[in-house]
Every structure is written in structure tokens, then in C-alpha cells.
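For reference, the structure discussed in these notes is given below.
The values are calculated or read from the model by the stated rules, or taken from the named source; none is laboratory data. Treat the numbers as computed from the prediction; the structure is a model and nothing was measured. Virtual Cβ from ideal backbone geometry, glycine too; neighbours counted across all protein chains shown. When the accessible area is computed, the model is the full protein with side chains, heavy atoms only, and any ligands, DNA or RNA have been set aside. Shrake-Rupley method; radii C 1.70, N 1.55, O 1.52, S 1.80 Å.
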Amino acid sequence: MTNLEIIIKKKFLFPDAKDPLEKANDEREEENTCENNNPSKFTALLESLPKRLKTAPTDSLVYRLAVCLCIVNKHNGGLKGLAQMWQEFVLEMRYRWENKYEIEGINKSAPHLGSCLLYQKLQMLNSCIEKKIQRETLFKGYTSQTNIDSNSSEMEVENNCASNDKSESENRKRKEGCSNKSERKKSDSSGDDDDEFYECQDSPSKSPTELDKDVDEKEDSSETMDTSLSESSSFVDSVTHKPEGRLSAFNDIQLLSTGEQLYIPVTQEPAPMTEDMLEEHAEILAKLGTSAEGAQLRARMQSACLISDMESFKAANPGCVIEDFVRWYSPRDWIEEESTGSNDNSQTKQKGFLSPRMQIPGNVWYEAWQSAKPVPAYRQKRLFDDTKEAEKVLHFLSAMKPADVILQLMPCLIHAAIIKVVENDDSDIPRLKDILDQVITRASKVTRAFNQNAKHYEDLLRMITTLENMIAQAKSLRTKFTTDFLNDSDKEEELSQFLTQLLQKPEVDIEGASQGTVGSCLHQLFIAQQKEVNMIGEEESLSENKNSAISDFPQPSAREYILRTMAPRPAPYSKTLPQKMFCSIMVGHHFQLAGAFTSDSLFQ
């Protein structure tokens with residue numbers, strides 16, 4: 001294909017790449033077509049068709065791609081043109097991913113499992129683009145703020161350590177009365193760990209036991225300082241950390257341990273998955289087996305989203321317990337009961353407990369709660385890695401062969417063919433509705449099969465071809481047998497009745513032969529054909545020029561003779577049976593002879 005043809009096809013696939021003037025013209029054309037469209041009796045069928053077939057919406061990119069590749073295969077180079085157009089499509093998808101342009105014609109949602117696989121893949125890519133845009137816009141200034149906070153906290157820790165070391169050294173100098181100067185050596189790798197060396201006095205002012213006691217006190221103080229620093233730097237489930245990642249208050253519910261307001265945390269959205277990803281995930285879980293290690297690993301894989309929500313909940317609600325999380329996350333597992341106070345002003349208090357399934361020993365929720373740390377959602381590991389998933393989708397598209405592309409687009413092509421048949425429906429064809437229902441039922445089974453098979457589509461295409469031939473024959477007959485050949489307008493009903501019978505039966509008797517209404521129409525058809533062949537004007541007639549020797553009918557290509565009789569065979573006393581002989585004499589002194597003879601097998 002030339003570059004101009006590729007540009008035209010890409011504008012058809014991606015309308016957002018058009019100029020504003022071209023978009024306005026397309027909108028006007030769409031409005032005109034919508035006004036001219038007449039409501040069909042198959043409107044309900046067309047509305048239910050996307051639900052019955054596993055395909056893509058009619059206004060989607062995948063639907064336009066299927067139609068475009070059919071046109072390319074027919075008029076623009078066949079298989080090579082199809083491969084070239086598919087390569088351009090894959091490059092366009094990568095360009096939109098790298099430059100954060102959303103794909104028009106693809107719904108902005110998680111992959112719809114009721115659609116074809118290619119549409120699900122493009123939905124996944126569109127979700128990755130949307131997630132990438134959100135991640136870069138919402139958390140753009142977070143990195144710089146985090147660096148400032150971390151630097152300030154490190155400076156505070158270093159200042160505290162330096163002041164503690166300085167006070168301890170001054171106290172020791174005063175107690176021991178050290179006359180010489182102390183020497184300090186700092187390591188190159190870290191400035192926090194300092195080793196101090198002192199010279200021994202000639203006359204120590206303290207006994208060895210007192211010196212040992214001072215050394216022990218110093219070690220104890222250093223250990224407590226180290227533990228406090230480690231606790232402050234690590235994530236611990238306590239009420240000391242500041243709340244982070246709060247979305248909104250959860251009704252008027254308070255925490256059970258602290259009595260503070262319970263807040264809904266900002267959580268991560270679960271990772272969307274296509275049907276092939278779900279199948280792969282199920283196979284991995286099945287391969288883990290039934291052992292204890294496999295069950296533990298399986299539970300860990302399935303509870304990744306649960307642990308993420310627990311960490312966000314802990315970060316937003318300091319001092320919370322698992323009962324608080326269950327009341328927000330799974331209210332059905334929290335059973336409430338009212339208790340009346342013992343005071344005179346009897347007040348009812350809401351108390352509750354976990355459901356029996358939550359109290360089972362070794363519950364996965366308890367294990368996940370113990371391992372979860374108070375980490376807000378923006379500091380957690382991403383559940384949905386948009387970069388990784390987008391590269392998977394692009395690799396899937398680029399690795400497809402032309403045969404695979406056609407097989408993935410077959411559901412959309414079947415959908416388009418059925419819509420075209422419905423739009424050209426003819427009420428005079430009684431079998432059309434029945435065959436159309438059979439095609440849709442067959443298509444719903446074939447398109448929903450997990451492993452697509454080309455042979456199943458071949459049978460389906462034969463049925464659609466039968467429908468198209470029936471509609472084409474009906475249109476051809478209506479185009480030829482028009483009311484222009486009728487001298488009397490009252491004979492229109494007779495002509496339409498003849499056409500209806502001809503569509504329903506292989507052979508129809510013509511009433512009145514050549515003198516009837518239908519016979520005269522046939523005569524006029526042959527006359528019109530003879531005028532076109534001999535280049536005679538419509539106003540002139542064939543009978544005006546006697547010398548031309550042009551008949552109303554074309555020259556016969558053959559003469560057929562059929563001889564029928566009833567005669568006894570093989571003997572005169574045998575039973576009389578039908579006999580038939582057929583002879584065809586063609587132009588050029590050629591002939592064909594055939595016979596059908598019957599014999600009596602009882603009385604020979």
C-alpha cells in the first residue's frame with residue numbers, strides 16, 4: 001500500500017487524528033444517515049446481538065479494524081497489505097502508550113470478559129495509559145516532598161546522637177579527671193559510629209568495679225538509644241505514627257481500642273485481568289498442589305489485595321484492631337448485640353463480636369493482619385503495574401501472525417455480516433428469519449469458545465453465504481420484474497404474488513403463458529435485452545426494421561427434445577412402465593443423448 005492509502009485507513013481507524021473540519025463533516029454525514037435510516041422489524045434483534053455474541057461494540061476500534069482489514073485484503077494487496085496495515089496498527093498502539101494518548105473507540109473500564117479477546121487486550125492497554133496519566137499527575141510532587149522529609153529526619157537523628165555523645169564524653173572527663181586529651185577516630189563508611197580511646201591514669205580515682213559499672217551503664221544507654229531509633233524508623237502497629245491516606249470518615253463509627261473516629265483509607269484498585277490472564281492465574285494456582293506449602297503460597301497469592309487494604313487501613317487509623325477492619329471491609333462478619341447498662345439511667349451500648357468463620361484457628365485474615373504494616377497506599381508496592389502490563393499487551397499484538405489476526409477478528413466480522421443481512425431483510429423470504437436465528441445461535445457458541453477454531457467459522461460462513469444469496473436473488477428479481485412492464489396497474493398484486501412463489505418454490509407455473517401478466521413481463525425483458533445487445537434505441541422497436549431479422553428472443557444455443565412413453569419391458573407380457581429419453585442438439589453439430597428406462601423384474 002502507498003503512504004496515502006495508509007493515511008486514509010488510519011484516519012478511518014482513529015477519528016481523533018482527523019482535522020476539526022473533517023470531524024465536522026463526518027458528524028454531519030452521521031446525522032443525515034441517522035435521519036434516513038428506517039426502523040426495521042429486527043430492531044430488538046440488533047439490540048440483543050452484542051449480548052448474545054462475544055464480540056466488540058459496533059462503534060469500537062476493533063470493529064472498524066475488522067472491516068478495514070477486509071477492505072485491505074480485497075482491494076489493497078491481499079495478505080501482504082493486511083500484514084502491513086497490522087504493523088502500522090501495532091506501531092500506533094505503542095506510540096499512544098509512550099506518549100500517553102488514550103485510545104478512542106475503547107471503553108475506559110476494566111476488560112469486559114463478554115467481549116472478544118482483542119478488545120479486552122486494547123481495554124487493558126487503555127487502562128494502563130489512564131493509570132500512567134494518573135500516576136504522573138497525582139504523585140508528581142511527592143518525590144521532592146519525601147526527600148525533604150527524609151533529609152530533615154536524618155539530620156535530627158544525627159544531631160541527637162552528636163549531642164548525646166558530647167554530653168557523655170564531658171561527664172566522663174569530669175569523673176575520671178582525665179589530664180590528657182582524648183583522641184577520636186571516625187570510620188569512613190558511617191559518621192554515626194564513633195570509637196573513643198582514652199589513656200589510663202597513673203592513680204585511678206575509682207575502683208575497677210565502679211569503672212565496670214560505668215561501662216555497663218554506657219552500653220545500656222547506647223542499646224536503648226539504638227532500639228528507639230530502630231522502632232521509629234520501622235513500621236510498627238502502634239498509636240505513635242501519624243495517620244496517612246485518609247479518604248473520609250466512615251459514618252459515626254469509632255475505633256474499639258481508642259474511641260477515635262474510624263476513617264476510610266485510600267486504597268489501591270485491584271489489577272484488571274483479561275480472560276487469558278485469568279486462565280493462566282488459575283493454572284498457576286492449580287499447579288501448587290494440596291500440600292501445606294502450596295496452600296500457604298496459594299493463600300498468599302490470593303490475599304495480596306487484602307494485605308494492601310489492611311496496610312492502608314492501619315496507616316489511616318492508628319491503634320486499630322482487626323475487628324475495626326472487619327466492620328469496614330466485611331460488615332457481614334461483624335455481629336452486633338445490644339447490652340443494657342447496670343446504672344439507673346439504663347443506656348444501651350452496641351457490642352459485637354466476629355462471625356464464626358473469622359474465629360477459625362489459622363484464619364488467613366489474622367495472618368494477613370499480623371504481617372500487614374501501617375503503610376499508606378502511595379508508598380506500597382503497586383498491585384497494578386501499568387508499565388509491565390502494557391508491554392505484555394504490545395508484545396501480544398506484535399507477535400501475532402496474519403492468520404492469528406484474522407482468527408481474533410472473526411467474531412467482529414461475523415457480527416458485521418449479520419448486521420448487514422438484517423439491514424437488507426426481505427419480508428417475502430419466509431425462511432430468512434429461521435435461518436437467521438440458526439446463524440445467531442451457532443455464532444454465539446462459536447465466538448464464546450475459549451479455543452477459537454477456524455473450521456467452526458467455515459460452517460458459519462456457509463450459512464451466512466446462503467442468507468446473502470437468498471437476499472441477492474430477491475433483490476435481483478424485484479429489480480427485473482418492475483411495474484414499468486405492466487399495461488394495467490391492477491396487475492401489480494399478481495406480479496408480486498408470482499415473485500413471492502418464485503422465492504419459495506424452485507418451479508412456478510405461469511398463468512396464461514405468454515398472454516398472461518407474467519408472460520408479457522418476461523417477453524418485455526427479452527426485448528429490452530435484445531435492444532441492448534444490438535444497440536437499438538429505447539424508442540425504436542424490433543419490428544420496425546424487417547430487414548434486420550432481429551427477433552424478440554436471442555438465438556437459441558441448443559434445442560432439447562424429451563420423449564416420454566409407457567411401454568412393457570423387457571417382454572411384451574411384462575408390466576407397463578414409464579420410459580424416458582432426452583436429446584440436446586447444440587450449436588456446432590454437437591448433441592447429447594440420455595435415457596431412463598425401467599424394466600419389470602417379476603414378469604420378465
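So what is the relative contact order of region 482-534, in percent, for Cα pairs below 8 Å that sit 6 or more residues apart?
31
No solvent, one uniform scatterer per C-alpha: report log10 I(q)/I(0) for region 558-597 via the Debye equation at q = 0.22, 0.24, 0.27, 0.28 1/Å, two decimals.
These q points yield log10 I(q)/I(0) values of -0.68, -0.74, -0.83, -0.87.
Would you check the accessible area of H395, probe 1.4 Å, heavy atoms only, in square angstrom rounded to 10?
130
Search the structure for amide H atoms under 5 Å from the amide H of L247, placed 1.01 Å from N in the peptide plane, and list their residues when 5 or more places away or on another chain.
The answer is I264, V266.
Could you work out how far apart the two model spin labels at E92 and S371 are, taking each label as a point 7 Å from the Cα in the direction of the beta carbon, and quote it in nm?
4.5
What is the distance, in nm, between label points placed 7 Å from the Cα along the Cα-to-Cβ direction at A571 and at R382?
9.9
Counting heavy atoms of the protein chains only and a 1.4 Å probe, report the per residue accessible area for region 558-597 as a whole number of Å². Present the calculation step by step, with values, prior to reporting the outcome.
Details: 3340 Å² over 40 residues.
It amounts to 84 Å² per residue over region 558-597.
Keeping every protein chain present and rolling a 1.4 Å probe, give me the accessible area per residue for region 343-426 in Å².
Working: 4780 Å² over 84 residues.
On a per-residue basis, 57 Å².
Give me Rg/Rg_expected for region 482-534, where Rg uses Cα atoms only and Rg_expected = 2.2 N^0.38 Å with N residues.
Working: Rg = 11.8 Å, N = 53, 2.2 N^0.38 = 9.9 Å.
This ratio for region 482-534 stands at 1.19.
Probe radius 1.4 Å, ligands and nucleic acids ignored: give me the carbon and sulfur share of the accessible area of region 482-534 as a rounded percent. Numbers along the way, then the final one.
Values: 1580 of 3690 Å².
Heavy-atom surface of region 482-534 belonging to carbon and sulfur, 1.4 Å probe: 43 percent.
For Q504 and S48, FRET efficiency with R0 = 30 Å and r from the beta-carbon atoms, rounded to 0.05? Please list the in-between numbers first.
On the way: r = 28 Å, r/R0 = 0.93.
For R0 = 30 Å, the calculated efficiency reads 0.60.
For region 92-123 and region 434-481, what is the separation of their C-alpha centers, rounded to whole Å?
30
For S599, put the label point 7 Å out on the Cα→Cβ axis and report which residues of region 553-592 keep their amide N under 16 Å from it.
567-580
Starting from the Cα-Cα distance between A24 and D252, subtract it from 0.36 nm times their residue separation and give me the gain in nm to one decimal.
Working: separation 228, 0.36 × 228 = 82.08 nm, distance 5.28 nm.
Full extension from A24 to D252 adds 76.8 nm.
Can you pull the one-decimal nm distance between simple spin-label points at T482 and R564, each 7 Å off the Cα toward Cβ?
3.8
Given a Förster distance of 56 angstrom, what is the FRET efficiency for M463 paired with V266, based on the Cβ-Cβ distance and rounded to 0.05? Could the numbers behind the result be given before it?
Values: r = 53 Å, r/R0 = 0.95.
According to the calculation, E is roughly 0.55.
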